[in-house]
Every structure is written in structure tokens, then in C-alpha cells.
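*Asks:* Starting off with a structure, shown below.
The values are calculated or read from the model by the stated rules, or taken from the named source; none is laboratory data. Predicted model, so just to flag it, every value in this text is computed and none were measured. A quick note on method: Cβ atoms are made from the backbone with ideal geometry, for glycine too, and the neighbour counts reach across all protein chains shown.
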Amino acid sequence: MNYAIVDIGSNAIKYKIFNQNLELVEYYRHPLRLGRDVFSKGYLEEKTIQDLLTLLLKYKEIFKKNNIENVHYIATSALRDTKNSQEITDLLKDNDIDLKIISGDVEASLLSEFNETKINSAVIDIGGGSLEICINSNNDIYAKSFQLGAVRLLNLKNKDKTFAINELRVWLRQFNSIKHIYGLGGNLRALMQANSVNGPIDSSDFDKHVSNYLSIDNGVLINEYKIPEDRIDIIPEALNLYSLIIKELKADIIENSLWSISDGMVKKILKDQL
């Protein structure tokens, strides 16, 4: 039996298909930025809602053609925060799409599926609407969600941005033995691509790589380094957060992983925990 997890985020709508051994079979990402509406207006506009419905119906048809019956539609920050979430949930239900909107704390807890056996490590997921971080400190697990997603940061007033970042700093400063950071997703991967880095990055070199990335013309990033165009404006925000986290945790190494919360979701679903 195969499983499909649809991750409805703030910057993109993705799905992953796993086989019965939880091995990744297929991955697809579509750049529909729900956070553009929600973090500037407080709600999803009608056109965006229709674009979302059209895309999810397309995904649904793909799953049907592949005889995948075990499908889970999970939404995170943008649909958590939009004022018209109930309208959207009802619309999707009318089209036989059962949407589950998870809290930031639940989203952060999913990361423990990645690093619960990696002692003195942190795994970071910088999404469009929120930042989730899970820390394994001497095999004790601490997970928390912050309103510091990269798309949200583009729309936050300076006062609110400063407050949210200070909240993150205070939380991080309780840890003093975190040596290894794992960054999920395409923001860190873009930094690596533009710097021709294939493996872990020494923390002492991180800001140098960031400076080099920021010096490259956007056209070169898109055409030569194949950075997705819809990420160009948010990557600098994400890199600033990574730099801050590295410094506060005094970590030695940061590396990228293709693992995502969808991998954590499918494990929780099989355990009937989500």
C-alpha cells in the first residue's frame, strides 16, 4: 500500500508519495503562495481559494490514477491563521477532500521523528509562515514553533519582527551543547547550490557563504544555479534566521536534509498519532 501526504504550506503546495516501507516514491512541489494573502490581508482571496481547489483536485486525480487510497491533506501556518479557514475547509469537504489543519506545536513535534536519535542536535524547518525547531539535548526533546516564516517576515512590521526574533533568541539560549544543526528544505539547499557545497558546512564558514550568495545577481541564481524563482525573495530571510540560530546555539556544523514534515506525518499516521 502506498501513502500520499499533501503538505499545504504558506509558500508552496507539495505532495510526497511513500510505499509501504516508507520509502519516497514521488515528490511534487507547486509554488502557490497562500501566505501572500494571509500575512498581508489576514484572509485568502477568492482567486487564491479557487487556485488551491483546482490544484488539490489535480492532485486528487493523480492519486486516483495511481490507486492511492490512503491520502492525507495537511495544512500548516497560512491556513491556521487565515480568517476564512472554515470556509476553505467546507469547500474542500464538498469536493471530498478532508483537510486537517495542524497547530504549530504539532508541526514542531513532527521533527522529533528526524532527530530523536541524534543526540545534541537541532533540526530546523523554516517554512513560509512559521519556523519549527526541534532540539535533542542529551536525549531530551524540546520542540517549538515560532511566527518567523520567511514569507511572513516579508510582511511583518519591524516592531513585530524584532519581538518574534527576540522570543526565538531567549528560547535558544537555554541550550549549550547543540553541536549539529540540520536544516530542512530548499532555502538552505539554495545556499549550498550557489556556493557549490555538497556536504555539511562548518559554522565558521556559514556567513561567508551567505555573503557570497547575496552578491549573486537574481538572474544568475535562477538560470545558472536553478534556484526556484518563487524562493528568491524569501531565501535571504531564511538565511538570516539560520545564521542567528547557529550563533545562539554555538553549533559546529549545519547540513541540509531532504527529509520534511511529510516524512514525520506518515510515521505518525501509521502509529495513529495524527
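*Asks:* So, ASN139, is that one of a type outside the set (A, V, I, L, M, F, W, C), over 24 Å from LEU34 (Cβ atoms) and out of contact with any helix residue (DSSP H, G or I) (no Cβ under 9 Å at 6 or more places or on another chain) or not?
*Replies:* Details: of a type outside the set (A, V, I, L, M, F, W, C): yes; over 24 Å from LEU34 (Cβ atoms): yes; out of contact with any helix residue (DSSP H, G or I) (no Cβ under 9 Å at 6 or more places or on another chain): yes.
Answer is yes for this residue.
*Asks:* Give the residue, chosen from LEU168, LEU258, LEU241, that is within 24 Å of GLY149 (Cβ to Cβ) and exposed (fewer than 12 other Cβ atoms within 10 Å of the Cβ).
*Replies:* Values: LEU168 fails: exposed (fewer than 12 other Cβ atoms within 10 Å of the Cβ); LEU241 fails: exposed (fewer than 12 other Cβ atoms within 10 Å of the Cβ).
Residue meeting the stated conditions: LEU258.
*Asks:* Name the strands (runs of 3 or more DSSP E) wholly within the range 37-130 that hold at least 1 residues that are at pLDDT 95 or above and hydroxyl-bearing (Ser, Thr, Tyr)? Give the steps one after another, and end with the answer.
*Replies:* Numbers: elements: 70-75, 99-101, 121-126.
Filter on the range 37-130 gives 70-75, 121-126.
Residue-by-condition table, conditions (1) of a type in the set (Asp, Glu); (2) surrounded by fewer than 18 Cβ atoms within 10 Å (Cβ to Cβ); (3) under 21 Å from ASP263 (Cβ atoms):
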site: GLY9; (1), (2), (3): no, no, yes
site: LYS14; (1), (2), (3): no, no, yes
site: TYR27; (1), (2), (3): no, yes, yes
site: PHE39; (1), (2), (3): no, no, no
site: TYR43; (1), (2), (3): no, yes, no
site: GLU46; (1), (2), (3): yes, yes, no
site: GLU69; (1), (2), (3): yes, yes, yes
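*Asks:* So, one more: Do we find a residue being part of a strand (DSSP E or B), within 30 Å of TYR27 (Cα to Cα) and not polar (S, T, N, Q) anywhere in the range 203-219?
*Replies:* In the first step, residues of the range 203-219 are kept if they are part of a strand (DSSP E or B); the result is none.
For the range 203-219, residues part of a strand (DSSP E or B), within 30 Å of TYR27 (Cα to Cα) and not polar (S, T, N, Q): absent.
*Asks:* Any residue at all in the range 213-231 that's among the hydroxyl-bearing types (Ser, Thr, Tyr) and under 17 Å from SER121 (Cβ atoms)?
*Replies:* In the first step, residues of the range 213-231 are kept if they are among the hydroxyl-bearing types (Ser, Thr, Tyr); the result is 213, 215, 225.
Those still in the list that are under 17 Å from SER121 (Cβ atoms) too: none.
No, the range 213-231 contains no residue that is among the hydroxyl-bearing types (Ser, Thr, Tyr) and under 17 Å from SER121 (Cβ atoms).
*Asks:* Run down ARG173, ARG189 and say which single residue is farther than 20 Å from ARG80 by Cβ and touching a Gly at 6+ places or on another chain (Cβ under 9 Å). Spell out the reasoning first.
*Replies:* On the way: ARG173 fails: touching a Gly at 6+ places or on another chain (Cβ under 9 Å).
Only one candidate passes the filter, namely ARG189.
To keep it simple, each residue is scored yes or no on (1) touching a residue at least 12 places away in the same chain (Cβ under 8 Å); (2) aromatic (Phe, Trp, Tyr); (3) crowded, with 19+ Cβ neighbours inside 10 Å.
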site	(1), (2), (3)
ARG80	yes, no, no
LEU91	yes, no, no
ASN95	yes, no, no
ASP98	yes, no, no
ALA122	yes, no, yes
GLY128	yes, no, yes
GLY149	yes, no, yes
LYS157	no, no, no
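*Asks:* Search the range 173-184 for residues that are among the small types (Gly, Ala, Ser) and pair each with any residue that is modelled with pLDDT of 95 or more and in a strand (DSSP E or B) when their beta-carbon atoms are under 7 Å apart and the residues are at least 6 apart or on different chains.
*Replies:* SER177/SER137; GLY183/ILE124; GLY183/ILE254; GLY183/ASN256
*Asks:* Out of the residues in the range 31-71 meeting the condition of being touching a Lys or Arg at 6+ places or on another chain (Cβ under 8 Å) and small (Gly, Ala, Ser), tell me which one is nearest to LEU154 (Cα to Cα).
*Replies:* Ranking the qualifying residues of the range 31-71, first place goes to GLY35.
*Asks:* List the pairs whose first member sits in the range 208-235 and is touching a residue at least 60 places away in the same chain (Cβ under 8 Å), whose second member is surrounded by 12 or more Cβ atoms within 10 Å (Cβ to Cβ) and not in a helix (DSSP H, G or I), and whose Cβ atoms are under 6 Å apart, counting only residues at least 6 apart or on separate chains?
*Replies:* Matching pairs, first to second residue: ASP230/PRO31.
*Asks:* Identify all residues within the range 220-240 that are out of contact with any Leu (no Cβ under 8 Å at 6 or more places or on another chain) and either part of a helix (DSSP H, G or I) or of a type in the set (Ser, Thr, Tyr) (or both); write none if there are none. Show your work before the answer.
*Replies:* Initial filter on the range 220-240 (out of contact with any Leu (no Cβ under 8 Å at 6 or more places or on another chain)): 220-226, 228-231, 240.
Matches in the range 220-240: VAL220, LEU221, ILE222, ASN223, TYR225, GLU229, ASP230, ARG231, ASN240.
*Asks:* Going through the range 174-189 one residue at a time, which ones are touching a Ser or Thr at 6+ places or on another chain (Cβ under 8 Å) and in a loop (DSSP other than H, G, I, E, B)?
*Replies:* Residues satisfying the conditions are PHE175, SER177, ILE178, LYS179, GLY185.
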